[in-house]
Amino acid sequence: MTVRTAWLSPDGQSREDTRTNQVGALTPVTDSKGRSGVLPGSEGGLYRVTGLWLAGTDGTLNAHVTPGRAVIQSTVDRGAYPVAVTEQVDLVFAAGDAQYPRIDLVVLRVYDDTYDASGRTEAAVEIVRGTPATSPVAPTAPDVCLVLFSVTVPANAGGLTWSAAGTDLRPTTVALGGILPTRSDDTAAGGYPGHYRDINSTLQRWDGSAWVPYPKGLGGIAPAGTVTTASYTGQYRESTDGVLQRWDGSAWVPYAKATGGIAPAGAVTTGSYTGQYRDSSGGVLQRWNGSAWLPAVAPPAFVSSLDAGTTASTTYTAALTGSAVTALAVTFTVPSTGAVLVAVGARLRTAGSTTTTAFVAPQIAQGSTVVLAGNDEYAACYGGTIAGSVSTVFRYPLTPGTACTVTALYRSSDSAVTCTFDNIFVRVDPAG
């Protein structure tokens, strides 16, 4: 029969109808087959799984399998066999070979005469004896069975130390959509992307090709050391040095203690988002612009010189005679507002003349292009034989984010009069 139903046929429900329609009973492996395994659970919830446990009496070959429940998946057309062991099953292992060790299996096996012509229609707990060898291997498990334990039987063994002899091989299975508790050596793939399992107290998610560590809950912060590659962009973890980190899609990046919070000095190297703030080691508040940390409030750009110089040039010049400073200039980056306040000043004197004027003015270059040449309208000026200190300040628009330079320029109104310039300064402040 190709299409089977449960609790629908008017002339009776077959055993196959019942088994193949246990659609929600166990973890999927394919679209029509489930995972064979022991149902997890323990008294008081202390352990992952206690059903179908193998125990024995040390020094003897006597053992037993405890009660428990399991599901054993066969072919698609035969379906899955639910099995319950309701009482302890006693087992006796054969004595060790005279020369070589061997490995036996303890299995939960289904006999179905309709398919295997065994003459039996039942489930049984059995020992499958291995072949003695110098390097023994476990025997092949029979069809339609669940391997519970392997047991190593040394040569000449008349008894075993059961805590060392048996290896737990019990797989587990849970209802469709349930989180599968399993062992660390379980290499079985997930049934579908988004399938979860718990392994060594770490939650993992099947992403379609691999099991990836997952936080304790969706949106939770993964404990330090539990997550190497994140499950989704925006996942958080605590690093081994106690720094909160966020997965940006390709790498873990340090994150402020809370969105919008200011990251402590030294806690963040690369910003997690444009507009994040941090305290720098120098105590300056910084903002991440998407590629670099910049001062959140740009400090003034300032330069000054106490090395006096003179000029009698009637056109603006950056060079002064008698001064080691060939050009007094300051560079800065235009703030996001696109405007700055430019201030220039100096202590001026016109030698032997009360009618001549000395000028100090800024020249502004945006990159290599001069956008404001030195001119009297933007200059600070003074005339007199006794020195006087003057300055001027004005707002000037520029292109945000560009690198600019302000250079101090000087001139005299009379080519016959030498003007002296001392204590010169240029200052640039962000403007709104």
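The values are calculated or read from the model by the stated rules, or taken from the named source; none is laboratory data. None of the values given here were measured: they were computed from a predicted structure. Note that we place each Cβ from the backbone using ideal geometry, even for glycine, and neighbour counts take in every protein chain shown.
Quick check on this structure: which one of ALA318, ALA292, ALA327 is outside the structural domain of SER353 (by TED's automatic domain parsing) and under 29 Å from GLY401 (Cα atoms)? None of the others qualify; the one that does is ALA292.
Candidates are the residues of region 358-372 that are of a type outside the set (Val, Ile, Thr) and in a strand (DSSP E or B); the one that is surrounded by the most Cβ atoms within 10 Å (Cβ to Cβ) is ALA358.
Taking the criterion of being of a type in the set (S, T, N, Q) and farther than 18 Å from CYS145 by Cβ, would at least one residue in region 80-89 satisfy it? Yes, because at least one residue in region 80-89 is of a type in the set (S, T, N, Q) and farther than 18 Å from CYS145 by Cβ.
For residues that are of a type in the set (Val, Ile, Thr), in a strand (DSSP E or B) and buried (at least 21 other Cβ atoms within 10 Å of the Cβ), tally how many sit in region 159-179.
Filtering region 159-179 for residues of a type in the set (Val, Ile, Thr) gives 161, 167, 172-174, 179.
In the following step, the residues that additionally are in a strand (DSSP E or B) were identified as 167, 172.
Retained after the next criterion (residues that are buried (at least 21 other Cβ atoms within 10 Å of the Cβ)): 172.
Count: 1.
Only one of the numbered conditions (1) modelled with pLDDT of 95 or more; (2) under 21 Å from THR311 (Cβ atoms); (3) not hydrophobic (A, V, I, L, M, F, W, C) is violated by GLY352, and that is (1).
Examine region 325-334 for a residue that is farther than 30 Å from ILE262 by Cβ and either over 59 Å from the mean Cα position of the chain (by Cα) or surrounded by fewer than 13 Cβ atoms within 10 Å (Cβ to Cβ) (or both), and state whether such a residue exists. Explain how you work it out, then say what you get.
Going through region 325-334, the residues farther than 30 Å from ILE262 by Cβ turn out to be 325-329.
Narrowing the set further to residues that are either over 59 Å from the mean Cα position of the chain (by Cα) or surrounded by fewer than 13 Cβ atoms within 10 Å (Cβ to Cβ) (or both) leaves 326.
Checked region 325-334: at least one residue is farther than 30 Å from ILE262 by Cβ and either over 59 Å from the mean Cα position of the chain (by Cα) or surrounded by fewer than 13 Cβ atoms within 10 Å (Cβ to Cβ) (or both).
Taken over region 140-158, the residue count meeting the criterion of being touching a residue at least 24 places away in the same chain (Cβ under 8 Å), in a loop (DSSP other than H, G, I, E, B) and either at negative phi or not assigned by TED's automatic domain parsing to the domain that holds ASP97 (or both) is 7. Could you check region 268-279 and list, in sequence order, the residues that are in contact with a Gly (Cβ under 9 Å, 6 or more places away or on another chain) and among the small types (Gly, Ala, Ser)? Correct list: GLY271, GLY275.
Residue-by-condition table, conditions (1) among the acidic types (Asp, Glu); (2) surrounded by fewer than 20 Cβ atoms within 10 Å (Cβ to Cβ); (3) on the phi > 0 side of the Ramachandran plot:
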site: THR355; (1), (2), (3): no, yes, no
site: TYR396; (1), (2), (3): no, yes, no
site: SER412; (1), (2), (3): no, no, no
site: ASP422; (1), (2), (3): yes, yes, no
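Does VAL71 satisfy being among the β-branched types (Val, Ile, Thr), in contact with a strand residue (DSSP E or B) (Cβ under 6 Å, 6 or more places away or on another chain) and over 21 Å from ARG129 (Cβ atoms)?
yes
Applying a threshold of 8 Å to beta carbon distances and a minimum spacing of six or more residues, or different chains, the list of pairs starting in region 228-249 at a residue that is of a type in the set (Asp, Glu) and ending at one that is assigned to a strand (DSSP E or B) reads GLU238/ILE221; GLU238/ALA222; GLU238/LEU244; GLU238/GLN245. Close contacts from region 317-337, counting a first residue that is farther than 20 Å from ARG411 by Cβ and a second that is in a loop (DSSP other than H, G, I, E, B) and among the hydroxyl-bearing types (Ser, Thr, Tyr), with Cβ to Cβ under 9 Å and a gap of 6+ residues or different chains, come to THR333/THR402; VAL334/THR399; VAL334/THR402.
What are the residues in region 79-110 that are touching an Asp or Glu at 6+ places or on another chain (Cβ under 7 Å) and either among the small types (Gly, Ala, Ser) or free of Cβ contacts under 8 Å to residues at least 24 places away in the same chain (or both), if any?
Matches in region 79-110: GLY79 only.
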